[in-house]
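Worksheet: one structure, shown below.
The values are calculated or read from the model by the stated rules, or taken from the named source; none is laboratory data. In this text, all values refer to a predicted model and were calculated from it rather than measured experimentally. Because the Cβ atoms are built from the backbone with ideal geometry, glycine has one as well, and the counts that use them run over all protein chains shown.
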Ligand code: SF4
């Protein structure tokens, strides 16, 4: 039985409710009156329920789809302004005991070299990232006895301690396996930013088929992880599914139900939502995944999530191409990675980059090229982490977004951190463009 307030996975992500919502959406795909009323309701940035959002996702009336895309763009501009927050992933280890069928780090992959960075190697990676201009990282690690929570905590400490030239990493987001309340408390004490954990898929049968062995095979433990994180004091959590593992409508509805559940139980929804699509990697043939989604559906998913959950940051990574990232930015994406390596030790050792990559990167441009491109598109690349350092997290951050204060105040912070980036790291061409934008904003 569906209950958004329950802390039991199969009650807050109730299969019956998802199926009913999808059927309701399909039966209303051409219901112009209903769809127009939903767009009108969403225009004041109050969001939509998972069932209402499912109707928008199914809508097949061309002019209303156009209105939907336009509304997504306007909501993003109103609440977040034209800033785009920059970050990079940092892979610590590819040892893993799990058997996820879509990930090359799975335990049975005997061809991939296994690497766990030492603290000295992490320091060198961080220096390489600081030399690019990054201030915000997302650390990634497989799940393995070689990388216990103590290793993750020590690595976070190392990352925050490195001060190289004018560089500093000011926010470390953490993407590690589901763990205990006690370990989440330790991560909180280590001053992490967002705890990110992708559900991969909310469809339980598929989830169990795709995770045949290892601790991650426990659907309930994985799905209830964000509640344990919140219980451990982490108030910024990042949700995501890997689109392509199950029917996209199912995962779309499940994702929004998860966001509603967090809001219902903890009074604050997810800080971010990521929208990765399955992509090629070592030993992973994406053609074997029958649920792959085309670009037009991907764009619609981005737009409807932005409309349904207007206050949440939305992330698209370098899995997507430059062209697709440009389209997604216009539909509501507020954070992107840049200059990324998805391999362990990839920033310092180019050689290792391909051998241990978790997935193939589509957008291979450097951070400077991405900043330059964002400036051309009229966005302000932001390296700001002020909210985090001033304790504006969880509910405090969300209420500021809701009151329009983030769009208003953060533009200044974005410009200051852009100026810092231009001075310390940018190429001449990027610096000239950036300075011009800053001068225009002053007027
Ligand atoms: S997705 Fe994570 S848990 Fe699964 S095999 Fe890859 S690294 Fe391990």
*Considering every residue within the range 75-92, establish whether at least one is without any contact (Cβ under 8 Å) to a residue 24 or more places away in the chain and part of a loop (DSSP other than H, G, I, E, B).*
no
*What single numbered condition from (1) exposed (fewer than 14 other Cβ atoms within 10 Å of the Cβ); (2) out of contact with any helix residue (DSSP H, G or I) (no Cβ under 9 Å at 6 or more places or on another chain) fails to hold for residue 436?*
(2)
*Going through the range 96-136 one residue at a time, which ones are free of Cβ contacts under 8 Å to residues at least 12 places away in the same chain and in a helix (DSSP H, G or I)?*
120
*Please verify whether the range 364-382 includes one or more residues that are touching a helix residue (DSSP H, G or I) at 6+ places or on another chain (Cβ under 7 Å), in a helix (DSSP H, G or I) and over 27 Å from residue 320 (Cβ atoms).*
no
*Within the range 401-411, identify whether any single residue is farther than 21 Å from residue 73 by Cα and in contact with a helix residue (DSSP H, G or I) (Cβ under 8 Å, 6 or more places away or on another chain), and answer yes or no.*
no
*Which residue out of 186, 157 is surrounded by fewer than 17 Cβ atoms within 10 Å (Cβ to Cβ) and over 30 Å from residue 294 (Cβ atoms)?*
157
*Which ones in the range 144-174 are within 18 Å of residue 384 (Cα to Cα), in contact (Cβ under 8 Å) with a residue 40 or more places away in the chain and in a helix (DSSP H, G or I)?*
159
*In the range 430-443, which residues are touching a residue at least 24 places away in the same chain (Cβ under 8 Å) and closer than 16 Å to residue 132 by Cβ?*
430, 434
*Look at residue 238 and say whether it is at positive phi, touching a residue at least 12 places away in the same chain (Cβ under 8 Å) and within 16 Å of the ligand (Cβ to nearest atom).*
no
*Which members of the range 102-121 meet the condition of being more than 9 Å from the ligand (Cβ to nearest atom) and either within 30 Å of residue 412 (Cα to Cα) or surrounded by fewer than 22 Cβ atoms within 10 Å (Cβ to Cβ) (or both)?*
108, 110, 111, 112, 113, 114, 115, 116, 118, 119, 120, 121
*Could you list all residues from the range 221-235 that are within 16 Å of the ligand (Cβ to nearest atom) and over 18 Å from the mean Cα position of the chain (by Cα)?*
221
_Residues of the range 30-74 classified as buried (at least 20 other Cβ atoms within 10 Å of the Cβ) and part of a loop (DSSP other than H, G, I, E, B), total_ = 3
*Across the range 204-220, which residue is nearest to the chain's Cα centre (by Cα) among those that are part of a helix (DSSP H, G or I), within 11 Å of the ligand (Cβ to nearest atom) and surrounded by 15 or more Cβ atoms within 10 Å (Cβ to Cβ)?*
216
_When the residues of the range 122-150 are narrowed to those that are surrounded by 19 or more Cβ atoms within 10 Å (Cβ to Cβ) and farther than 26 Å from residue 368 by Cα, which ends up farthest from the ligand (Cβ to nearest atom)?_
147
*Within the group 82, 98, 94, which residue is within 9 Å of the ligand (Cβ to nearest atom), surrounded by fewer than 23 Cβ atoms within 10 Å (Cβ to Cβ) and closer than 24 Å to residue 173 by Cβ?*
98
*For the range 1-29, how many residues are in a loop (DSSP other than H, G, I, E, B), modelled with pLDDT of 95 or more and surrounded by fewer than 13 Cβ atoms within 10 Å (Cβ to Cβ)?*
1
